[in-house]
Amino acid sequence: MPLGLEQKDPAAARAGEDEFRIEPTAINMGPSHPAMHGTIRLMLKLDGEKVVWADVEIGYLHRAFEKTVEHKTWNQAVPYTDRLNYCSPLINNVGYALAVEKLLGVEAPERCQYIRVIMSELSRVADHLTCIGASAMEMGAFTAFLYFIKAREYIWQLIEEVTGARLTISYTRVGGVTKDLPLNFGERFAFVAGKTREALAEVDALLSRNRIFLDRTRGVGVMPADRAVQYGFTGPMLRASGVDYDVRRNFPYLVYDRLRFEVPVATEGDNYARYRVRLEEMRQSLSIVEQALEGMPEGPVNVADPRVALPDKKDVYTNIEALMNHFKLLMPGHGIRPPAGEVYQAVEGANGELGFWVISDGSDRPYRVRVRPPCFALMSGLEEMIVGGQVADVIATFGSVNMIAGELDR
């Protein structure tokens, strides 16, 4: 018999196979992985390319927002809210200001409420542009990233013209905002909205029917509606799973009940559904800003109560009474003193329900400020979304969560 053609005993061959067992491969993905955003660590077990087990560790950013603001006066806490979801800081500002105003029993002037809506929706668009652009880039669609970051640049320039800063803006104050919109804001927004809609159309054409993008997102990272509710999902991820919930409509605040807008909802609960929901939400946000500009009345942008509202900066520099009032409201031991009590105020952040639970003991500082960050609930469901999929799909699914470490910090 030729060498190498000997017949083998089938039973012996099976016994050899039983002795040779393949164990899952354990790997760490992050925190140094560029798609893990600096703090996230995923511990994975792989059977070949398939994820069979996962453990999600959110890391230790140590932003310490909640404890820090207990040692600041009520208005001094505003800059720290910028650092929560730093992709849409204006929404953080507004949520905190509304909570303190609810404690005080005051309501910002009508014009201020319209301005807060306008700036919040601009922030929402900038946040979604960042999410979709970065997620597409991580899947290889670099052109989409360039188009959306260019559109975001137009929005940031407009925000800078209003607030004086691009990202950490500290624009709101308890009882109002720092200043009114510029005189040419309507014209500038019309230009920015046109450029943004062009980018939305370009990326829609590039990705929405792209075979590679569809294969990477459809049926990937699926989260059923019932499980999304159990995890506490809110925002685009919840609506992409078929649950029609939006704080702006279900629990209206500011002047959202006067504005017409659709809440995009999908049913598939996968990465593609989340992409489509965010894409349509940006179109709705631009429409909301246009309606708010059309219906915004004239009037003051701060409450007419010197015990609450900070004086205008130009008056602080030129008027001794305004300077004294400024110092009285900001210096420790003085400042705003809401009555003892506690409130919860939720707003619709870019990633979902952003809530501030604020407790006052009647002093010039918050006794307790607890943030309900949407990202924390979303990250709790990441493990379920990636187990059973391919290791390459972990990046796409994680990108669809739009995790923001600043608000995730516990």
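Residue separation times 0.36 nm, minus the C-alpha to C-alpha distance between ASP257 and LYS195: what's the value?
In short, 19.6 nm is gained.
Just one of [x] 140; [y] 197; [z] 167 is volume of the Cα convex hull per residue in Å³ as worked out from the coordinates here. Which one is it?
Answer label, from the structure shown: [z].
What percent does the relative contact order of the range 57-408 come to when contacts are Cα pairs within less than 8 Å and at least six residues apart? Write down the numbers at each step before the final one.
Working: 636 pairs, mean separation 96.0, N = 352.
Answer for the range 57-408 is 27 percent.
Only loop residues by DSSP count here, and only those with at most 14 other Cβ atoms within 10 Å; note down the chymotrypsin sites (Phe, Trp or Tyr not before Pro) in the range 17-89 that meet that.
PHE20, TYR60
Mind checking which of SER241, SER287, LEU104 is farthest towards the positive end of the chain's charge dipole, using Cβ charges of +1 (Lys, Arg) and -1 (Asp, Glu) about the Cα centre?
LEU104
Under 13 Å from a point 7 Å along the Cα-to-Cβ line of PHE185: which residues of the range 140-164 have their amide N that close?
Correct set: 158-164.
Testing the spin-label approximation: label points 7 Å from Cα along Cα→Cβ at ASN210 and GLU160. State their distance in nm.
Computed distance between label sites ASN210 and GLU160 equals 2.8 nm.
Report, in listed order, any pair from LYS72/LYS179; LYS150/LYS314; LYS102/LYS313; LYS102/LYS314; LYS179/LYS328; LYS102/LYS328 with a Cα-Cα distance greater than 32 Å.
Pairs exceeding the cut-off: LYS150/LYS314.
Assuming R0 = 35 Å, what is the FRET efficiency of ILE149 and GLU70, from their Cβ-Cβ distance, to the nearest 0.05? Each step should come with its number before you reach the end.
Details: r = 37 Å, r/R0 = 1.05.
Rounded to the nearest 0.05, the efficiency is 0.40.
Round to a whole angstrom and tell me the spacing of the C-alpha centers of the range 309-367 and the range 22-95.
Comparing the Cα centres of the range 309-367 and the range 22-95, I get a distance of 28 Å.
Relative to the present Cα-Cα distance, how much length would full extension add between TRP53 and PHE142 at 0.36 nm per residue of separation?
Result: 29.0 nm gained on full extension.
Report the extension gain between PHE376 and ASN250 in nm, rounded to one decimal, defined as 0.36 nm multiplied by the number of residues separating them, less their alpha carbon distance.
Full-extension gain reported as 43.2 nm.
Enumerate the aspartates and glutamates that LYS195 could reach by cross-link, defined here as Cα to Cα under 12 Å, with residues fewer than 8 away along the same chain left out.
Reachable aspartates and glutamates: GLU153.
Each value in this text was obtained by applying a stated rule to the coordinates, not by laboratory testing. Keep in mind that this is a model prediction, so the values were computed, not measured. Note that we place each Cβ from the backbone using ideal geometry, even for glycine, and neighbour counts take in every protein chain shown.
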